[in-house]
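Single-structure report; data block below.
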Amino acid sequence: MKLNGVADLPEIRPGDDIAELVADRATLEPGDVLTVASTIVSKTEGRTANLEDYPVSGRAQEIADRIAELADEEKDPRFAQAVLEESTELLIDAPFLLTETRFGHICVNAGIDRSNVPDHDLLLLPKRPTESAERIRAGLEQRGIEDVAVIVTDTCGRPFRHGQRGVALGWAGMP
């Protein structure tokens, strides 16, 4: 296996074309697999939000208070509200929030990232990562790059907070 990074990508903005950005900077061949971080996909799809966008429900306040008590530090109930709104099910509500996303992924905090968004408070996961992967793959094909699979990934489940690992959220061009 050979791994190559895509160099010199600019700061990603809503509406950017991932396929074009990659095609201009990487040489892809039939049989290659392009993995794209969900952060990039979310940015192109405008999946950013601000904490003030989330009016706090009683449930969110209760969750924030309970986690704050366990962690001995203040927790923002608006963040808990954002997690609730991005989830179909809350599996664990303390000492952290383990959720199921709308597309069936199990993760902490509904995969909401509080970094990597210079102009907003929150970066949400793509709504439909498989459709995102299909769109990127179609964009590559429009540029003459055929038979390349695409996987949208997210960092998830770092056992004991050691290292990193990526998981596939959505994919196209492979079983």
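Some observations on this one:
- Of the numbered criteria (1) in a strand (DSSP E or B); (2) free of Cβ contacts under 8 Å to residues at least 40 places away in the same chain, the one residue 163 fails is (1).
- Annotation: residue 149 fulfils all but one of (1) out of contact with any helix residue (DSSP H, G or I) (no Cβ under 6 Å at 6 or more places or on another chain); (2) without any contact (Cβ under 8 Å) to a residue 60 or more places away in the chain; (3) open to solvent by less than 80 Å² (accessible area, probe 1.4 Å); (4) more than 30 Å from residue 54 (Cβ to Cβ); the unmet one is (2).
- Each residue in region 122-146 was checked for being open to solvent by 60 Å² or more (accessible area, probe 1.4 Å) and either acidic (Asp, Glu) or part of a strand (DSSP E or B) (or both), and 4 of them qualify.
Rundown of residues vs (1) free of Cβ contacts under 8 Å to residues at least 12 places away in the same chain; (2) over 13 Å from the mean Cα position of the chain (by Cα), yes/no style:
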site: 92; (1), (2): yes, yes
site: 95; (1), (2): no, yes
site: 102; (1), (2): no, no
site: 123; (1), (2): no, no
site: 128; (1), (2): no, no
site: 131; (1), (2): no, yes
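- Verdict on residue 103 being in a loop (DSSP other than H, G, I, E, B) and closer than 17 Å to residue 170 by Cα: yes
- Within region 3-16, the residues that satisfy the criterion of being open to solvent by 60 Å² or more (accessible area, probe 1.4 Å) and closer than 21 Å to residue 138 by Cβ are 9, 13, 14, 15.
One line per residue, one yes/no per condition, for (1) touching a Pro at 6+ places or on another chain (Cβ under 7 Å); (2) of a type outside the set (A, V, I, L, M); (3) surrounded by fewer than 20 Cβ atoms within 10 Å (Cβ to Cβ); (4) farther than 22 Å from residue 170 by Cβ:
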| position | (1), (2), (3), (4) |
| --- | --- |
| 18 | no, no, no, no |
| 27 | no, yes, yes, yes |
| 30 | no, yes, yes, no |
| 33 | no, no, yes, no |
| 40 | no, no, no, no |
| 47 | yes, yes, no, no |
| 61 | yes, yes, yes, yes |
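The values are calculated or read from the model by the stated rules, or taken from the named source; none is laboratory data. Small disclaimer: the values here were computed from a predicted structure and weren't measured. Backbone-built Cβ (ideal geometry, glycine too); neighbour counts: all protein chains shown. Quick note on the areas: whole protein, heavy atoms, side chains included, nothing else; ligands and nucleic acids left out. Shrake-Rupley method; radii C 1.70, N 1.55, O 1.52, S 1.80 Å.
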